[in-house]
1. Just how large is the dipole of segment 172-231 about the Cα centre, in debye to the nearest 20, putting +1 at every Lys and Arg Cβ and -1 at every Asp and Glu Cβ?
2. Placing +1 at every Lys and Arg Cβ and -1 at every Asp and Glu Cβ, with all other atoms neutral, what dipole size does the chain have around its Cα centre, in debye to the nearest 20?
3. First check a/c for segment 64-131, with a ≥ b ≥ c the square roots of the eigenvalues of its C-alpha gyration tensor; if it is under 1.5, answer rounded, and if not, answer prolate when a/b is larger than b/c or oblate otherwise.
4. I'd like to know which of ALA98, GLY111, LEU72 lies farthest towards the positive end of the charge dipole of the chain, counting +1 on Cβ of Lys and Arg and -1 on Cβ of Asp and Glu.
5. Would you list the P(r) distribution for segment 148-230, with all Cα-Cα distances sorted into 10 Å bins from 0 and each bin expressed as a whole %?
6. Mean 1/r over all different Cα pairs, inverted: what Kirkwood radius does segment 1-156 give, in Å?
7. About the Cα centre of segment 92-229, how large is the charge dipole given +1 on each Lys and Arg Cβ and -1 on each Asp and Glu Cβ? Please answer in debye to the nearest 20.
8. Once amide H atoms are built 1.01 Å from N in the peptide plane, which residues 5 or more positions from ILE177, or in another chain, come under 5 Å H to H?
Amino acid sequence: GTLIERIPLTFSAEDISSRLQKHGCRVDASKVLVMRNRLGRSTGRAVVASREGMKDVQRAFLPDGQVILRPLDQAGVELFVEQCERFLRFSDDIKRLAARENFHRVVTLWGVPKSYGRLDVAYILRQECNVEVQPWDIVFRYKKFGVQSDECYVLCKNAGDASRLLTRVQEMAVPKIRVYGSYFGAAFLWCARSALFISDPHLEFELPKSKNWIFLCGWNGAMTEPEFESLLSSFKMYPKTIKRIEIPSDGTCGFFMRFEDMVTTKRVFSRLNRLRRRWRLKPNTPFFAYPALCDVHWSHDDKYADEDSASDNELDEPIWH
């Protein structure tokens with residue numbers, strides 16, 4: 001097959017098939033798969049499952065200038081089909097990861113070769129770490145235009161399996177293309193709790209109001225908001241708002257804190273980091289994090305806010321001259 005990237009977003013499988021047929025490639029529309037999101041919009045990537053040569057496909061698309069073509073073997077075509085399915089279900093997978101009972105069962109792998117799919121990651125974890133993970137519990141991130149990232153989230157069966165991965169997967173060598181063994185060199189996998197997922201309907205209306213939030217977790221499940229506020233006062237931390245949330249996976253609770261400005265927020269981060277060292281917490285033990293909402297794409301948007309480079313900015317804070 002042939003992978004075609006950066007095609008016009010308005011092109012359908014029928015449009016690609018008709019253009020190929022005009023240049024002598026007898027490819028039916030049923031042999032063309034266009035990657036689309038759950039809103040039905042194309043990402044500009046498609047695969048043509050045909051034995052026609054690359055030169056025939058090039059004649060049909062190279063005049064467009066920016067179109068990129070790449071030949072694929074059977075494993076590559078199967079991986080693209082899997083990526084289309086995972087990209088379509090990405091929102092549902094993230095919601096499943098954010099279930100409160102899964103809070104301590106999710107870890108992040110990065111450095112994953114681009115040729116890997118869910119079955120490849122599950123095979124490596126089973127062979128190298130003796131941890132059984134179901135393929136549907138492995139969720140890859142995606143870059144712009146639906147390109148698979150080198151990071152994926154793994155939902156383990158229990159917190160013990162997650163701890164084992166955090167210990168074993170540290171610069172672990174794996175083949176770049178698993179189906180071909182070590183012929184194409186090695187890549188190195190890393191694992192950490194670099195992302196925590198939690199879902200609560202009330203937070204959807206609180207977090208967008210300000211960027212000055214901090215999340216703290218691991219506190220006794222019986223602790224209330226006034227007790228937590230009193231504890232923070234002893235550490236000279238004075239948040240404007242405190243939101244409590246239960247974490248049933250281990251019977252603890254967490255707190256979302258909103259501060260007055262970003263300068264104060266960063267100072268609190270520094271104090272929490274010193275507390276982490278003073279209390280000798282393990283590196284992979286969740287303690288504090290910067291909360292943010294997942295990017296949301298609406299059907300009425302012509303340009304998504306998270307893909308607009310003009311709106312990219314650092315954390316808001318005053319500039320002192």
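The values are calculated or read from the model by the stated rules, or taken from the named source; none is laboratory data. Treat the numbers as computed from the prediction; the structure is a model and nothing was measured. Every residue, glycine as well, gets a Cβ built from its backbone with ideal geometry; the counts of neighbours run over all protein chains shown. When the accessible area is computed, the model is the full protein with side chains, heavy atoms only, and any ligands, DNA or RNA have been set aside. Shrake-Rupley method; radii C 1.70, N 1.55, O 1.52, S 1.80 Å.
1. It works out to roughly 680 debye.
2. The calculation lands at about 780 debye.
3. oblate
4. Positive-end residue among those listed: GLY111.
5. 12, 28, 29, 18, 10, 3, 0
6. By the Kirkwood definition, the hydrodynamic radius is 16.9 Å.
7. The dipole of segment 92-229 has a size of about 640 debye.
8. For ILE177, whose amide H was placed from the backbone, the distant partners under 5 Å are PHE184.
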